[in-house]
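Structure first, commentary second.
Just so it is clear, none of the values below were taken in a lab; they were calculated from the coordinates. Because the structure is a prediction, the values reported are computed rather than measured. Neighbour counts are summed over all protein chains in view; Cβ atoms, including those assigned to glycine, are modelled from backbone coordinates with ideal geometry.
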Amino acid sequence: MKQKAFQDCYPEELSHCFGCGKNNKQGHQLKSYWQTIDKETALNSRTIAHHTPSEIYTAIPGFVYGGMIASLIDCHGTGSASAMAYLSQNREMGSLPALRFVTGALNVSYLAPTPQGVELELIGEFSEVKERKIIVDITLSANDVICAKGQVIAVLMPASMSQS
């Protein structure tokens with residue numbers, strides 16, 4: 001059975017993000033999954049996502065725009081944080097009340113030019129897991145070359161952001 005993407009477990013009213021929202025047809029539609037789950041030491045769990053950016057995200061012909069790279073790291077980080085929160089609480093992903101995380105801080109280091117026209121791979125690892133704050137360290141690779149590293153400090157979405 002194929003596992004469901006983290007972002008596909010978000011409630012309908014919280015699924016409009018440009019980077020990963022299933023309800024944003026003009027967005028990136030990023031999908032994140034568990035790569036490994038370590039139930040004994042959650043910090044050893046890893047997440048994975050793949051995405052091939054459209055050519056409209058050009059920095060210099062042949063290379064991906066840095067803002068696109070940052071947005072992929074951002075959305076993979078918050079999706080991974082949400083999944084980790086559910087795992088930490090031993091709850092099924094998508095069960096209510098929703099555990100939706102947003103970006104508190106984003107730090108991206110660009111290590112090598114990111115080529116266009118190839119699938120990018122994002123791997124997330126956890127360096128801190130608390131009830132309201134989860135830190136996810138992410139590598140973004142193209143053709144097995146690490147092109148960027150990022151850290152997302154994800155915080156539990158404040159009630160003021162909910163439209164319900």
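Considering only Cα-Cα distances, which of the following residue pairs are longer than 21 Å: Lys39/Lys149; Lys2/Lys31; Lys39/Lys133; Lys22/Lys133; Lys31/Lys149? Spell out each step's value before the answer.
Values: Lys39/Lys149 25 Å; Lys2/Lys31 13 Å; Lys39/Lys133 19 Å; Lys22/Lys133 24 Å; Lys31/Lys149 18 Å.
In this structure, Lys39/Lys149; Lys22/Lys133 lie more than 21 Å apart at Cα.
Which GluC sites (Glu not before Pro) does the range 103-160 hold that lie in a coil by DSSP with at most 11 other beta carbons within 10 Å? Please list the in-between numbers first.
Working: sites: Glu119, Glu121, Glu125, Glu128, Glu131; in loops: Glu119, Glu131.
Answer in residue order: Glu119, Glu131.
Given R₀ = 22 Å, FRET efficiency for Val145-Ile56 by Cβ-Cβ distance, to 0.05?
Values: r = 23 Å, r/R0 = 1.04.
That gives a FRET efficiency of 0.45.
Can you list the aspartates and glutamates whose alpha carbon is less than 18 Å from that of Lys25, not counting same-chain residues fewer than 8 positions off?
The reachable aspartates and glutamates, counting only those whose Cα sits under 18 Å from Lys25, are Asp8, Glu12, Glu13, Glu55.
Lys/Arg Cβ at +1, Asp/Glu Cβ at -1, dipole of the chain taken about the Cα centre: which of Phe126, Gly79, Met161 is farthest positive-ward?
Of Phe126, Gly79, Met161, it is Met161.
So what is the relative contact order of the chain, in percent, for Cα pairs below 8 Å that sit 6 or more residues apart?
Values: 353 pairs, mean separation 36.9, N = 164.
Worked out over the chain, it gives 22 percent.
Nearest 500 deg cm²/dmol is fine: what mean residue ellipticity at 222 nm does the chain get from its DSSP H runs of n ≥ 4 alone, each adding -39,500 (n - 2.57), divided by its residue count? Don't skip to the end; give the middle numbers.
Numbers: 1 runs with 23 residues, N = 164.
Here the helix-only value at 222 nm equals -5000 deg cm²/dmol.
Tell me, Lys4, Lys22 in order of fewest to most beta-carbon neighbours within 10 Å?
Values: Lys4 12, Lys22 17.
Listing Lys4, Lys22 from fewest to most nearby Cβ atoms yields Lys4, Lys22.
Excluding same-chain residues fewer than 8 positions from Lys4, which aspartates and glutamates have a Cα within less than 12 Å of its Cα?
Answer for Lys4, where 12 Å is the Cα cut-off: Glu92, listed by chain and number.
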